[in-house]
Every structure is written in structure tokens, then in C-alpha cells.
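Beneath this line is the structure, given in C-alpha cells, with notes to follow.
The values are calculated or read from the model by the stated rules, or taken from the named source; none is laboratory data. On a predicted model such as this, the values are computed, not experimentally measured, just so you know. Cβ placement follows ideal geometry from the backbone for every residue including glycine, while neighbour counts extend to all protein chains displayed.
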There are 2 protein chains.
Amino acid sequence: MDDILHSCYQELQKRHIRLTPQREAVLLVLYREKDEHLTSYELFEKAKKIYPELGLATVYRTLELFQEVGLLREVQFDKGLTQYELRDPQDGHHHHLVCKHCGYPQEIDGIFPEKLLELITEETGFMITDYCCQFYGYCEKCRVNSDKDGKQAKVEELTRGEVLKDART
Amino acid sequence: MDDILHSCYQELQKRHIRLTPQREAVLLVLYREKDEHLTSYELFEKAKKIYPELGLATVYRTLELFQEVGLLREVQFDKGLTQYELRDPQDGHHHHLVCKHCGYPQEIDGIFPEKLLELITEETGFMITDYCCQFYGYCEKCRVNSDKDGKQAKVEELTRGEVLKDART
DNA sequence: TTCCTTGCAAATCCTTTGCAAGGGT
DNA sequence: ACCCTTGCAAAGGATTTGCAAGGAA
């Protein structure tokens, strides 16, 4: 499954989209850090190392372009924090487990049953072409840690979460 | 299912959170327009009609407070567009079908099987306390309409979508 | 030549913060 | 008296836009 980069090149070519050095720099960084959920600015800084003349506006324009073409997807984990991830234009849904404690978005793949999607379409008439889910809770590491120690800030935040959880039970 | 407002009042009282006229105005608008997915500014304008001295900053502060308490949830359909929806602090997950054509986020409830969540927890060790999914595609209305007529802008946008869909098939 | 793409700086939009004032407890 | 809450204006951050210049087709 390493040909996602190849798929991307192919997709761009197929659509006669010029692959400028700026765009390629962005694409390469997205590929290299594809497990990292980069923000636009992080992406900009990293891509600048490949192509130093690069401007931030160009990064935004490139991200928008890539998105239209289906090469990447925006994910919003927090208000005002947009992250981007490369995706194989051929396929591929994956979802995120966002820990309320450490905030780290962990990825999960393929658990989603296609039947569920069919069911939704049947019931609503809505034709689903794409989807994306976020799950909130506590990751394994944070659950273990919070049983033992508890640094000030972390504990406070955890308490909030617990309260929320209680309210729902 | 009309007692969501009641649950909210109860929840605030339980936590000894003062219900100022500003906060109540926000709550009432959220309740009244609970199917509308208001943005902060829309909310502000509508709440202002109830309590004209209301300031925008207060709306933001109130939204943050309500969110901590579990009275509402933020939903991000588009970059830079945060919408808020009231939720029963007692329960309730629901998801959205976002039409790529008309952009209208339609809600669906309860289709999500609990087993799926358990499965995820088993496989990842991640304890899910909350989740939220967005499905993208074309709603029934838009699918029907696009078969018949096609206004300029709409057709153009639809084409984009179709292309994306093709790329995935 | 014409169209596409870019960098830079300015503009815009959404949200948060500082602060002094008002009100509840 | 003390703490919470507010409105206003200013600040902050992310993203977009205007524009003139450089390059590809």
C-alpha cells in the first residue's frame, strides 16, 4: 500500500493539473508525514525546506486544489485547527479516535461496515460518496496513566471529561 | 421528546451555574432553532432580539460553558464554519448527512450500532465516550433535481463532486 | 499572446482576551 | 467584601484576496 503517492501523481496527470515544484513539495511532505495530521502552517514550514521560495498562500491554494481532486481531506479536531491528510484517491476511509486527555488523534481503518452505509441510503435516500467520523474518549495510554499519577493540568481536564461522561450515563 | 430544554435547565441548576438573561436567551434560541445548526453569529443575532444588550463575546463564552456542561456540541461542516446544536445532556448521538450539492446538513439518529463501538474499544483500547460522524454525498432532493434541470453554479459544483466520486469507484 | 501560477502584503473573518463596571451572594 | 458575569474594544490567528510578475503552452 505504498503506491498512494503514485496514485496521486497519476490523478493529477489525468486531470492535466500542472505539477509545479511548489505543489510537488507540498505533496511530498504530505506523503512523508502521512501519519501526522499536519496543519497548514506545519506543512508550509516543512515544504519550505524542499522549496524555500514557497509562500504560505500557495500552500493554501494547493491544499484547496488537492482537496477538490480528492488527494486529501481536511479534518477538524479542534475549532480553528484544520489538519490535512493525504488519502488515496482510489479508496480509503479511515476514522479517528480523539483522546480528550492528550488530544492525540489515533487512526483506525476499515472497521466500518459497508452495510451500515447501505442502510443509511435506504432509509434516507441520501447517496453517500464519502464520510468521516470522529470518536471522542480516552486512549489506552491516558487511561493507564491517570490511574497512577496525575499532573495538575491533566487531572483538571480529565475531571471535566468525567463529568461529561456522567451526565450522559 | 420535548423536554430537552427541561433537561438543560436541570443540568445547569444541578451544577450551580447561574442562568443569566444572556445565557437564557442563548439557550432559548438554541432550543427554538434546534434543527438549524446555527453559527455563533446567527445565534448572536437571534438572541439579541430576546436580550438586546447581549454582546458577541458573551455568546462565545456561553457556548463554551454550555459545551463543557454537555448541553451542546460543535459541528464543523466547513473550514472556518462552526455550528452549534443543542443536545440532550442525558443521551443522544446523532450524525449528519452533508449534501455536496446544496450543503444542507440533514440529521440521522440511532442508526449506529453499539456493537460497532464495542468492537472499536476491544481492538484499540480506546474508551469512547462520545462520537460524531459526517457523511458526504448527495441528498435525495439534489439527486432528483440534477436529473432534470441544472442552474449554472449548481451544475458546476455537481461536476466536481461527480469527478470525486468517479475517482473512488 | 494567453492562461496559469506564484509571492507578497493587505484584507477579512472568526474567536479570544483585557479590563473596568455591574450584580448577585 | 468577594466572586462571577458582562460589554466593549482591542488583539490574535487562520485563511483568503488583490495584484503585478514570471513561466508554460
Criterion (under 28 Å from A:Thr82 (Cβ atoms), touching a Cys at 6+ places or on another chain (Cβ under 9 Å) and either of a type in the set (Asp, Glu) or modelled with pLDDT of 70 or more (or both)) met by exactly one of B:Thr82, B:Thr129, B:Thr124, B:Thr62: B:Thr124
message: Given (1) within 14 Å of chain B (Cβ to nearest Cβ); (2) near DNA strand C (Cβ under 9 Å from one of its atoms); (3) crowded, with 18+ Cβ neighbours inside 10 Å, identify the lone condition not met by A:Gly70.
response: (2)
message: Regarding the range B:37-55, can at least one residue be identified that is modelled with pLDDT under 90 and surrounded by 16 or more Cβ atoms within 10 Å (Cβ to Cβ)?
response: yes
- prompt: Within the range A:46-74, can you find the residues that are of a type in the set (Asp, Glu) and more than 26 Å from A:His95 (Cα to Cα)?
  reply: A:Glu53
field: Selection count, the range A:48-67, where residues are among the basic types (Lys, Arg) and more than 10 Å from DNA strand C (Cβ to nearest atom)
entry: 1
message: For the range A:5-30: of the residues being within 13 Å of DNA strand D (Cβ to nearest atom) and part of a loop (DSSP other than H, G, I, E, B), which is farthest from the other protein chains (Cβ to nearest Cβ)?
response: A:Thr20
- line: How many residues of the range B:28-54 are closer than 25 Å to B:Val98 by Cα, touching a Leu at 6+ places or on another chain (Cβ under 8 Å) and in contact (Cβ under 8 Å) with a residue 24 or more places away in the chain? The answer is 7
